[in-house]
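The values are calculated or read from the model by the stated rules, or taken from the named source; none is laboratory data. This structure is a prediction, so every number in the text was calculated from the model and none was measured. Because the Cβ atoms are built from the backbone with ideal geometry, glycine has one as well, and the counts that use them run over all protein chains shown. Heads up: the accessible areas ignore ligands, DNA and RNA and are worked out on the full protein's heavy atoms, side chains in. Shrake-Rupley method; radii C 1.70, N 1.55, O 1.52, S 1.80 Å.
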Amino acid sequence: MSSDFPWLTALVVLPLVGAAVLALLPAGARSSARGVALGFSLAELLLVVGALSAFDTSRAGEHQLLETHQWIPSIGASYAVGVDGVGIALIAMSVLLVPLVVLAAWREQGSSDGPTDQLRAYLAITLVLEAFIVAVFAARDVFFFYVLFEAMLIPVYFLIGRFGGAQRRYAAIKFLIYSLFGGLIMLVAVIVLYQHGPGGAQGFLTDNLTGITLDPTTEKWLFAGFFLAFAIKAPMFPVHTWLPDAAQNATPGTSTLLVGVLDKVGTFGMLTLCLPLFPAASRWAAPFVIVLAVVSILYGALLAIGQKDLMRLIAYTSVSHFGFIVLGIFAFTSTSVAGSSFYMVNHGLSTGALFLIAGFLVQRRGSQQIADFGGLQKVVPIMAGTFLVAGLSALSLPGLSTFISEFLVLVGTFARHPAAAIVATLGVVLAAIYVLWTYQRIFTGPVRDGLETMPDMRVRERWAVAPLIAAMLVLGFVPGPALDLVRPPAHTTLEQVGVTDVPVTAEGSK
Amino acid sequence: MFTAPHVDWAHLAPVAIVLLAAVIGVLLEAFVPARVRRTVQLAFTLAALAGSLVAVAALWHGVRTSGGVKVLGGSLVVDGPTLVLQATILVLAIIAILVVADRTETGEDAFAPSAASVPGSDHEALARRLGLQQTEVYPLLLFATGGMLVFPATADLLTLFVALEVLSLPLYLLTGMARRRRLLSQEASMKYFLLGAFASALMLFGIALVYGYSSSLHYADIATKIGSPTDLDTLLLVGSVLILAGLLFKVGAVPFHAWTPDVYQGAPTPITGFMAACTKVAAFGALLRFVYTVIPGLKWDLDVVLWTVTIATMVVGTVIAMVQTDMKRVLAYSSVAHAGFILTGVVALDAQGVSSVLFYLFVYGLATIGAFGVVWLVRERDADGLVLGEATHLSQWAGIGRRHPWLAASFALFLLSFAGIPLTAGFIGKFGVFSAAADGGAWPLALVGVLASAGAAFFYVRIVVLMFFADVPEVEESGEPAASTASVSADDAVEPGTDVELATPQGAAVATLVEERPATTVTTVVRSEGLAAVAIGLCAVATVVLGVFPTPVLDLVQHMSTFLP
């Protein structure tokens, strides 16, 4: 297809069509809901491959596949999409996760809990969410970004609140109120930013708002407004408390999308909005943010170690990992920023695998308490093996893709802030504790009563996890193509922030 | 010497049609046989409103090019905002009347068969047995609408007062006409009337003071006079504040909001929808004109008043709504909070402020009518299967989303629009007023506004949780939700009522008094006759469409947002 093909719009529209088809499925054909959802999510995957092929990697630092149309000219909003290397990498990662989430929900939503209609609604909302995800990573208009940033809360809210566990209502409200609060503060910043920009019918285009001169005080306030929203979303210490509750009570598939993809919008927003729009304020705030990031790393890891609930544990590991991502972004070296971008992709794969496998375990056992498991390695060897690989990716074992990104972040940070990097390295040690100790408690030792007959992974479940592990291995050994996507945007970002890169002398494992 | 003013009937047509139709409606009441009276009245009312809307449309282009004209010797101004507001009121009135006219599957409308009868009396029982219908509601609605059409168009203080009374008196009456919980309804009517009379008196006093200052009732003269300093400034300031108080009362702003929850709760639900939407539009229209054309010269003196009222309205509305347990009261306090949000746009004092307020009023009205339409259909059903009044306790709404997904989804949509979630019309409205406020230098108001929005989101979202996520056992999948023997579940049960026996025959088993409630009821959704369903559907579709593609309406409004001085 020609390069003029509106790839990004197609990527947004296709899942919406899928959701509409699911919603309008005639009563007789409702049993095919799973097939329809899987088909659409796989077709979306093909589209992403097409978009990747249309994307010119040699110019990965620029935004490509651009489309700009007027949307609400009277308030300056446009429908503008375009991706640089980071954006398309995140879109690809998200789109890869959705069919796996659909596969993982195959029986979990529906067989045990009411008619298949529940499953149909679940799948339809998931597809709507996918459309929002693609659009938010592609948005090149601040207003459009904001609209998606807020609107995507609603599908997640329904996914948690309708399909989650015991305390799902509490978790859903907490999630929504936290996010809305941050989002509304950001709204004021968005409005004020527009007034300082060029204005007019295209006044919200990110490109038109980049590089405007702002009064330093105003800039700091605006930065704070955006950053708060993104920090809640990411989530960072001390505004992370909604995440464990949400992850504990949501279905594993929802958690995968929530933690693996949606929270990336927070760090992605810091990278693509906070830094370019408010360069001076970003430099001003960097020391503070770095401290928060390091606290997040250690705090998340320590709390993960103390968790009794498997899903909460994974949530806290993510708080720690998001600390690394934010650390890399605000360390302002090309190595650390590229590392953070790559980290976002890898974290999605790794957390997705952990949540999905943990979901299979929990579903079989009927409990999320780690103490209710034990000695499962002999009973379900495949599950044990895949969980171990996913866990090792969380502690960044060399050979897995997460190692490379974490290494880049730490090396890049060390070049500018050695102390922060050294303290953050403790997080890696703590990760070893929470991963290996969890594995030990669940899979080793004597088999607990009642677990002797636990069935191992079914073919469908293997298919839901295998692509993630394969992707982590491939990117772990051949990270080159992925790094080609994220390095040029990192340089562009640094130019926009206006800091000189600190060269990293020993730039390892390329 | 008195000279008769030249009457420009063409520009008066929207108002004249509605008021004339109201008068004819009273005659219809006398001459049309009871059998077809309701049908005739309904058709006639809708036709009159549609005709008035056509008249507005006919004037549109001329006003857009000329900027507006003064009629009746300058007492009325037909300019851009007037036409936009009149069109908004008419559209909302038509939709609201569809809900008013819906008798649902029970065949009973929202009004007492004979509103003049004493609750619980033999007279009432007789009227009910005879199946009387109080079709006077339609002419009353037309009178109220007529007053509303004049209210935002007035350019002199006396007409302002007359319009206020014309729109208020029918509303006082309509409030007291509920079929069920009649004492509550009459109490609400009484409160509304007393507080309304008080507010009118304040306003009239203010008018007198301002007249004393400027020796003119015309807005334009007063505005000119304000420009030239005199030693009567105290008279002017006190007068202006009193007039503002009268207008803010109608808007439902703190501290003049006390009537809102009681009246919203007591009035027949469809009337509440009409009142909440249309009165607010008309009152904000009048307030806008007063603030923009009369007192800009007093901006420095009155800003502190308006800012205080705005912040108090947003905060009080939001905070008190959080602790309400009755759906209609929640919506009432939410309307108070929304009055505050709209006021942020009013305070902005620029053209963007006007257009954003006009847009906000329209989308708020749509969501309000839709929401009250849904409340009208959610009923209690007693153990014998008789459908009673609206199930307004929040706990009664648990699990509605599972049994009636479309109805609950549209209600959720209205709530999300109230909450200002993007991709609903409410978001564009909020964005408009907040950015207008920030533009006009009132960014602290915008900040308080978004914080209040976050708080408000909490109680909207809580209702969504209740409807969709509550643990209610699934009702068996029988096709007819309303006709099915709705299962009693723990969550559905109301708080235990008093031990009033309802051993009355079919048709009489409606609770007429406040306290009279059967011990156990279940929540059920009655089927609409079609009219309310159409109205709810229209509101829902418009809420989504205006949220995603607001440009046509925004453009339409934007070119019509300049007041004729």
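Output the relative contact order of chain A, whole-number percent, from Cα pairs under 8 angstrom with separation of 6+ residues. Walk me through the numbers before you get to the answer.
Values: 913 pairs, mean separation 83.4, N = 510.
Once normalised by length, the contact order is 16 percent.
With every protein chain in place, what's the accessible area of residue A:483 (1.4 Å probe, Å², nearest 10)?
10 Å²
HN-Hα J couplings of region B:106-120 from phi, Karplus 6.51/-1.76/1.60, θ = phi - 60°, integer Hz, Gly and Pro as x?
Listing the rounded values in order: 6, x, 10, 7, 7, 10, 4, x, 9, 5, 7, 6, 6, x, x Hz.
Can you put A:220, B:328 in order of accessible area, largest first, using a 1.4 Å probe?
Values: A:220 70, B:328 10 Å².
Ranked list, largest accessible area first: A:220, B:328.
Quickly work out the residue B:27-to-residue B:7 label distance, labels modelled 7 Å from Cα along the C-beta direction, and quote it in nm with one decimal.
Taking the two extended label points, one gets 1.5 nm.
Let me cross-check residue B:198: its accessible surface, 1.4 Å probe, with only protein heavy atoms counted, in Å² to the nearest 10?
Solvent-accessible area, nearest 10 Å²: 140 Å².
Could you work out, residue by residue across A:178-188, how many beta carbons of other chains sit within 10 Å of that residue's beta carbon, and then give the average as an integer? The partial results should precede the final answer.
On the way: counts 1, 2, 11, 7, 1, 6, 12, 4, 1, 12, 11.
Mean shielding by partner chains, rounded to a whole number: 6.
Once phi is turned into θ = phi - 60°, what whole-Hz ³J(HN,Hα) does the Karplus curve with 6.51, -1.76 and 1.60 give for every residue of region B:187-203, x standing for Gly and Pro?
For region B:187-203, the Karplus-derived couplings read 4, 4, 4, 4, 4, 4, 5, 5, 5, x, 5, 4, 5, 4, 5, 4, 5 Hz, x marking Gly and Pro.
Compute the projected area of the convex hull of the Cα atoms of the protein assembly as shown, averaged over all viewing directions, and report it in nm² to one decimal place.
On the way: hull surface 180.9 nm².
Mean shadow area of the hull around the Cα atoms is 45.2 nm².
Ranked from highest to lowest mean number of other Cβ atoms within 10 Å per residue, what is the order of the peptides A:278-290, B:523-535? Walk me through the numbers before you get to the answer.
Values: A:278-290: 19.0, B:523-535: 20.8.
Taking the mean over residues of other Cβ atoms within 10 Å, the ranking is B:523-535, A:278-290.
Quick one: Cα centre-to-centre distance for region B:126-190 and region B:11-32, in angstrom?
If you average the Cα positions of each part, the centres end up 15 Å apart.
For the full complex of protein chains and a 1.4 angstrom probe, list A:69, B:393, B:257, B:61 by accessible area with the highest value first. Show your work: numbers first, answer last.
Numbers: A:69 100, B:393 50, B:257 30, B:61 135 Å².
Largest accessible area first, the list is B:61, A:69, B:393, B:257.
Cross-link candidates for residue B:430: which lysines have Cα within less than 30 Å, leaving aside residues fewer than 8 places away along the same chain?
Output for residue B:430: A:174, A:220, A:233, A:264, B:250, B:280, B:299, B:328.
Along its three principal axes, how long is region B:1-106 when you only count alpha carbons? Whole Å, largest extent first please.
That gives 52, 33, 17 Å along the principal axes, largest extent first.
Could you tell me the relative contact order of chain B? Use alpha-carbon pairs under 8 Å, at least six residues apart, and round to a whole percent. Don't jump to the answer; show the numbers that get you there.
Values: 1022 pairs, mean separation 98.1, N = 565.
The value is 17 percent.
Take the alpha carbon atoms of chain B, find their radius of gyration, then divide it by 2.2 N^0.38 Å using N residues; give the quotient.
0.95
Packing-wise, with mean Cβ within 10 Å as the measure, how do B:317-325, A:237-245, A:353-361 rank, highest first? Walk me through the numbers on the way to the answer.
Details: B:317-325: 18.0, A:237-245: 20.4, A:353-361: 27.3.
So the peptides B:317-325, A:237-245, A:353-361, ranked by packing, come out A:353-361, A:237-245, B:317-325.
Kirkwood Rh, Cα Rg: Rg to Rh for region A:278-510? Please list the in-between numbers first.
Details: Rg = 18.7 Å, Rh = 18.3 Å.
Radius of gyration relative to Kirkwood radius: 1.03.
Pop out the ³J(HN,Hα) list for region B:367-379 in order, Karplus 6.51 cos²θ - 1.76 cosθ + 1.60 with θ = phi - 60°, rounded to Hz; leave Gly and Pro as x.
Values per residue, Gly and Pro as x: 5, 5, 4, x, 5, 5, x, 5, 4, 4, 8, 8, 10 Hz.
For peptide B:548-560, compute the average count of partner chain beta-carbon atoms within 10 Å of each residue's beta-carbon. Kindly include the intermediate steps, with their values, before the conclusion.
Numbers: counts 3, 2, 5, 7, 0, 1, 4, 3, 0, 1, 1, 0, 0.
That works out to 2 on average.
Under 12 Å from the Cβ of residue A:182, count the other residues' Cβ atoms, weight Lys and Arg +1, Asp and Glu -1, and hand me the total. Could you put the intermediate results ahead of the total?
Values: positive: A:233; negative: A:150.
Result for the neighbourhood of residue A:182: 0.
Taking every pair of distinct Cα atoms and averaging 1/r, then inverting, what Kirkwood hydrodynamic radius in Å comes out for region A:206-278? Walk me through the intermediate numbers first.
On the way: mean 1/r = 0.0745 Å⁻¹.
Over region A:206-278, the inverse of the mean reciprocal pair distance is 13.4 Å.
Full extension from residue A:419 to residue A:69: what is 0.36 nm times the residue separation minus their Cα-Cα distance, to one decimal in nm?
On the way: separation 350, 0.36 × 350 = 126.00 nm, distance 4.70 nm.
That works out to 121.3 nm of additional length.
Simple spin-label model, 7 Å along Cα-to-Cβ: residue B:303 to residue A:24 in nm?
5.4 nm
Give the shape of region B:293-368 as rounded, prolate or oblate, defined through the alpha-carbon gyration tensor: a ≥ b ≥ c are the square roots of its eigenvalues, a/c under 1.5 means rounded, and otherwise the shape is prolate if a/b is larger than b/c and oblate if not. Could the numbers behind the result be given before it?
Values: a/c = 3.74, a/b = 1.60, b/c = 2.34.
Oblate.
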